Amino acid sequence: MTFESVADEQASPDAPKNLVNAAKIASRNLVGDLFAGAVIAASNIALAVSFAAAIFQGELAQGFTSGVWIMLMSMIVVGLIVGFLTTLQPIAGGPDTAVIAVVGLMAPAVAVPLLDVGIPKADALVHVMLGITLVAIASGLTLFLIGLLRLGQSLRFVPYPLIAGFLAATGILLTTFSLKIVVGGLSGISELSTLWSGDNPLKLAVMLAFAVLLGAARIAIRSPLVTPLAFFGFAAALHAALQAGHFGDHEGWYVSEMHGLEPWLPLAALRETQIDWSVYVWALPELATCVIVGLISLIVRISTFESSRMAAADINHELRIYGAASLVSGLSGGMTGGILFSTSKFLADSSARTRFSYIVIAAFLALIIFANVDLSRFVPTPILGGFLLLLGYAMTAEALKVTLQQRAILEVLLTIGIMVLCLWFGFIAGVVAGFIAACLLFAFNCARIGVIRRHSTRSFLAGATERTHDAEAQIRRNGESIHVFELVGFIFFGSSEVLFEQIQQRRRKQVAVPIRQIIIDFSRVTGYDSSAINTLNKLRGYCRKHDIQLALSGLNDSDRKKILPPEKTKVASHVQFFGSLNEALDRAEESLLSSLGPECRSNANGRDFRCWLSAELGMEIPFELVDRFFDRIDILPGEQLYAQGDAANTIDFIVDGTVAMMLETTSGQRYCVRHSSRQTVLGEMGFFRRATRNVSVVAERPTTVYSLSRANFDAIKEANSEFHDGLLNFVIRILSDRLEMATIELSAMRHVNSGEMLEQLARDNVQK
């Protein structure tokens, strides 16, 4: 039973209502918390000893017992603060595993310069531990400040290959520390020969055997008891064998010859030791690396727990918690706080039921500290090394797993490259190179994907203005000459070049119907850089050279001046600006129709409503039928023909002029969704559905409309059935044309990335 299930049980209507049952539940929870707390505390002790050995080894082995103190204090302070304040329950806080690996690099960077000038080893160790304290304080302040300024969400945008490379490098560092613990050296490749000297082969064999057996046991037996029992069981068995002399002289099989724990109190050390602060200046890269790695590790852990718990955490709240925990931990003698991943999983799988388990864990760890339990001479180095080896392997495997699953070769190479850089040149070099490489990879991927949301031609797009049947047929037959590119996202050099190449390819491939007009819509563009502006200017010159009219829509006045500054040259005649894509399409259609020949106007040809209707119906319509059943309406610009929500009781025939169909949202805003010009029909769908008007119709120019009411439509059937049937067939043909156009547009959108499909659709449409 988990923390959440217990809370739900106690809060449910079926929860016990009498004191007896309540006492039983409290007793059951207490027993579960005590048992889980003891088990997790034992696991934490194993971690504390292993972490301390990773940092304090070789020349620094004298500080091992103080290192154990530091780790235990971190687990107590961070565990309590995080446990009671975090929203991700249950979770175990303690020293950050990734930071442990980097601190293992920082420790010699601080100590070696001091030892080289003759500083006593004890004072050098004080400087090392003070460095750990400074890292904890710096990390705490950094995390808390980021959370306070609510910048945590931006950290989620750090590319995963960069994160994976960091974590994989820290995992490998832990594995190298395991070797150093066992053989007591290995400062370079030249010392690898020491692996085969003395008892080292036997130590390494024991270390490897323990790591393999513990890993297999944790997979086969999913119980929180496995780790502490295996760790202390193997340690006790090996310790007994060493004491019995089964492995000869046990010299060198333990980290330290000291007894008990040495407390680390930063404030007391500052009073008792002369601190050389210059050493931290020289070790600043390592100190900064510890802070950066801690931040990255924490973000990854939080995201992992969100995924496993299927819950979203307030990242800024969590950062403030861990920042405060790290700060308090550092001041009290601990180190940078983080999430103990494996321990948290054990806690979730254990019998812990409430947050009281955190108090139990802290109490057991505090007992180890104040009882001054001798751990340094009990746990042999092969056990410590094997435990670190398994932790390092798990961290590296976890970091690489997601990247390898994506099967993106560039991301895999980037992750491995960052890992190698961090290990070979240091984490700072890895950070810088990783961010540069990640940015280049992001730019490459964006350029490959492009900013083209949709590319189409007028043959696949329903125009913004409804025109006469003949005009629409002409536009559709020649619509391949009008290309529309709808852009999205941020435009930079790579993506703008992709756009330019696309236009070049389309022009070269399109021979039957040459491209005459190109519309580029910026409505969904979030921004652009100077290189994109240069590419667009290059496009302007290209369009002028090939006699292509370029139209840009969706730009404000400021963007127009930035992208294409006004010039008093011939180039300017090939560029037009429009407020919307609909406006650009409307102008392109007008230009296309003008190039195909003069459009017939009713006044020019003497064709009034009766003549137009007679031509569409294929029959002579008597004057008296028009006068009797149709109402002529003349509306001026800005006047409404009807309003959104009115009853759809008429079919309206636009004889001359232009109207706009305005959609009003629930917030009161009005948008123009379509235009209708002369010799078009309105309101037929709502009329036959007996619905209400879904838009308002407003005149844009002086407009003449002939309106047919429902009563008169029915009366025509009695007066002249042939005229009635002709009208009905006319309306059906209009609906069919609109449905066909919608089907073509949907097909084009569905196959927007398939060039062959689009070309086939184009050929079919031209043939029609």
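Values in this text are rule-based calculations from the coordinates and carry no lab data. Remember, it's a predicted structure, so these values are computed and weren't measured experimentally. Here the Cβ positions follow ideal geometry from the backbone for every residue, glycine too, while neighbour counts run over all protein chains shown.
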> Between Thr273 and Thr743, what FRET efficiency comes out of the Förster formula 1/(1 + (r/R0)^6) with R0 = 56 Å and r the beta carbon distance, rounded to 0.05?
Replying inline: 0.10
> FRET efficiency for Val112 and Leu148, Cβ-Cβ distance as r, R0 = 51 Å, nearest 0.05?
Replying inline: 0.85
> Among rounded, prolate and oblate, which fits the stretch 648-704 when a ≥ b ≥ c are the square roots of the eigenvalues of its C-alpha gyration tensor, a/c under 1.5 means rounded, and a/b larger than b/c means prolate?
Replying inline: oblate
>> Taking 0.36 nm per residue of sequence separation and subtracting the Cα-Cα distance, how much length would be gained by fully extending the chain between Ala719 and Trp282, in nm to one decimal?
In response: 147.0 nm
> Can you list residues whose amide H is under 5 Å from Ser580's amide H, if they're 5+ apart or on another chain and H is modeled 1.01 Å from N?
Replying inline: Gly554
> Could you give me the ³J(HN,Hα) list for the stretch 704-714, computed from phi with Karplus coefficients 6.51, -1.76, 1.60 and θ = phi - 60°, whole Hz, x at Gly and Pro?
Replying inline: 10, 10, 10, 9, 10, 7, 5, 5, 5, 4, 5
> Counting Lys +1, Arg +1, Asp -1, Glu -1, what net charge surrounds Leu682 among other residues with beta carbon under 9 Å of its beta carbon?
Replying inline: -3
> Which cross-chain or sequence-distant (5 or more) residues have an amide H under 5 Å from the amide H of Arg701, H modelled 1.01 Å from N in plane?
Replying inline: Thr658
>> What is the distance in Å between the Cα centroid of the stretch 268-306 and that of the stretch 666-716?
In response: 71 Å
> So which of Lys509/Lys545; Lys345/Lys401; Lys203/Lys401; Lys509/Lys538; Lys121/Lys180 end up more than 24 Å apart by C-alpha?
Replying inline: Lys203/Lys401
>> Under the 0.36 nm per residue contour assumption, what length would be gained going from the current alpha-carbon distance of Ala220 and Lys509 to full extension?
In response: 97.8 nm
> In the neighborhood of Ala699, defined by Cβ-to-Cβ distances under 13 Å, what is the net charge if each Lys or Arg adds +1 and each Asp or Glu adds -1?
Replying inline: -3
>> With an 8 Å Cα cut-off and a minimum separation of 6 or more residues, compute the relative contact order for the stretch 605-719 in percent.
In response: 37 percent
> With θ set to phi - 60° and the Karplus curve 6.51 cos²θ - 1.76 cosθ + 1.60, what are the ³J(HN,Hα) couplings of the stretch 640-652 in order, to the nearest whole Hz, using x for Gly and Pro?
Replying inline: 8, 7, 7, 10, 4, x, 5, 5, 7, 9, 9, 10, 10
>> As an exercise, use a Förster radius of 60 Å and the Cβ-Cβ distance of Cys611 and Ser303 to find the FRET efficiency, rounded to the nearest 0.05.
In response: 0.25
> How long are the three semi-axes of the equivalent ellipsoid of the stretch 605-719, in whole Å, if each is the root of 5 times an eigenvalue of the C-alpha gyration tensor, listed from largest down?
Replying inline: 26, 17, 10
> So which trypsin sites (Lys or Arg not before Pro) in the stretch 69-169 are both in a DSSP loop and have at most 11 other Cβ atoms within 10 Å of their Cβ?
Replying inline: Arg156
